[in-house]
Amino acid sequence: MPSDRSSRARVSARSAVEPFHVMEVLKAAAARQRSHGDVLMLCAGQPSTPAPAVAREAAIRALDCDVLGYTESSGILPLREAIARHHRDAAGIEVSPEDVVVFPGSSGAFTALFLAAFDVGDQVAMTRPGYPAYRNSLAALGCEVVELDCGPDTRFQPTVEMLEALPAPPAGLIVASPANPTGTVVDPDVLRELAAWCEEHGTLLVSDEIYHGLSYGRPTASAWATSRAGVVVGSVSKYFSMTGWRVGWLLAPPALQRPLEVLTGNLNICPPAIGQHAAAAALGEAARAELDGHRERYAANRDLLLRRLPEIGLRDYAPPDGAFYAWCDIGHLTQDSVTWCRDLLDDCGVALTPGVDFDTVAGHRKVRLSFAGSTAEVDEALDRMAASPLLRPTTS
Ligand SMILES: Cc1ncc(COP(=O)(O)O)c(C=O)c1O
């Protein structure tokens, strides 16, 4: 019998990063679904729809006709051309296929970018609240995360004043607009000021634009419209409704293009071949009507939420300018959002995301509602929440 040494396997100190607490919610929701069959998932950060029909057809064609072996590490040319065209059409910026490097999701892009741009010990600034994977992967790579405390007065977005207040310019600044978890959009003038400040101070601006295409009235500017010194992050996961296909990309300035290509070749060899063929089709004009239809449904769900959230006592939330999230304060109900979300699931089968993943300071009194599902589901979830004792403030 071989001896069991598994308990003595080496584990690095750098791997001790925070888990996604939302995974615990998903596990509990799956258990509730098995026992009660009544779960309404307002916790998922993804569309409830499949990839657009033309993308699925392209995938079937690729399965039938293509070897689907390794591709160029930075992505197949037709996809890089489609991405360049998409940015030209959507943001009016001149992009060539050489500017584009494709990765296994924008998550894969972030890992390669952080390695390509930052060294151990470098400081990288991001908003609080913000997307936790930035913080956790930067920490695993030995970078120091500087959290910028962002509130309603700046639409939960960073400003030049916040950067000026730091002891030294950071090596990088991550801006997400529309953002997760708040859904807020950075004002185009503020983005321009941030980009200019970053250029002047040698700070790499990383502009996460993966929720572009999903905004409800406010303009969303691309960082490359004003400064090409920064990096733009894109993905087919959100507007294009293709999370599991794992295709994301960077628009990178020339100095970073080769390091990114070399790193992704080593880390990933290439992005998924079938995902690349499907994504190239999704980026074309033929998918537009279907995808705009999804956005119209999100807009209707958002209107419903804005109307009904005050009805259930949730009056304090970030303005949901884009994406498909509402970031709500529940401080009048609890100081423990994790337990409260678990109790809500037990009480009425509605799964929300506790704020602790996104905000290391105030997350215990916040929840994120996703309105990416059907309008009927969102409405039913609000009915159930209205009837739940958990939404009634305790008077003690
Ligand atoms: C702000 C933000 N950036 C990046 C990602 C990663 O997305 P993907 O790897 O699917 O492109 C997410 C996923 O939810 C996100 O919310």
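Annotations for the structure displayed:
- Qualifying positions in the stretch 238-268 - within 19 Å of the chain's Cα centre (by Cα) and in a helix (DSSP H, G or I): Thr243, Gly244, Trp245
- Any hit, the stretch 349-370, residues being crowded, with 16+ Cβ neighbours inside 10 Å and under 25 Å from Ala53 (Cα atoms): yes
- Looking only at residues in the stretch 215-234 that are more than 11 Å from the ligand (Cβ to nearest atom) and farther than 14 Å from Leu191 by Cβ, the one that is modelled with the lowest pLDDT is Gly217.
- Tally of residues being away from the ligand (no atom under 16 Å from the Cβ) and either within 17 Å of the chain's Cα centre (by Cα) or under 21 Å from Phe110 (Cα atoms) (or both) across the stretch 196-214: 5
- All positions within the stretch 205-219 that are farther than 26 Å from Pro169 by Cβ, of a type outside the set (A, V, I, L, M, F, W, C) and not in a strand (DSSP E or B): Tyr211, His212, Gly213, Tyr216, Gly217, Arg218, Pro219
- Every residue from the stretch 235-244 that is of a type outside the set (A, V, I, L, M), within 9 Å of the ligand (Cβ to nearest atom) and buried (at least 24 other Cβ atoms within 10 Å of the Cβ): Ser235, Lys238
- Count of residues meeting criterion [within 16 Å of the ligand (Cβ to nearest atom) and buried (at least 21 other Cβ atoms within 10 Å of the Cβ)] in the stretch 135-147: 2
- Checking the stated criteria, Ala168 turns out not to satisfy the condition of being crowded, with 21+ Cβ neighbours inside 10 Å and either assigned by TED's automatic domain parsing to the domain that holds Gly234 or within 20 Å of the chain's Cα centre (by Cα) (or both).
- Test: residue in the stretch 92-100 that is surrounded by 14 or more Cβ atoms within 10 Å (Cβ to Cβ) and in the same structural domain as Asp357 (by TED's automatic domain parsing): no
- In summary, Pro253 fulfils each of the numbered conditions (1) within 16 Å of the ligand (Cβ to nearest atom); (2) touching a Gly at 6+ places or on another chain (Cβ under 8 Å) with the single exception of condition (1).
- Residue, surrounded by the most Cβ atoms within 10 Å (Cβ to Cβ), within the stretch 195-218, restricted to residues that are out of contact with any helix residue (DSSP H, G or I) (no Cβ under 6 Å at 6 or more places or on another chain) and free of Cβ contacts under 8 Å to residues at least 40 places away in the same chain: Cys198
The values are calculated or read from the model by the stated rules, or taken from the named source; none is laboratory data. Just so it is clear, the model here is predicted, and its values are computed rather than measured. Note that each Cβ is placed from the backbone with ideal geometry, even for glycine, and that neighbours are counted across all protein chains shown.
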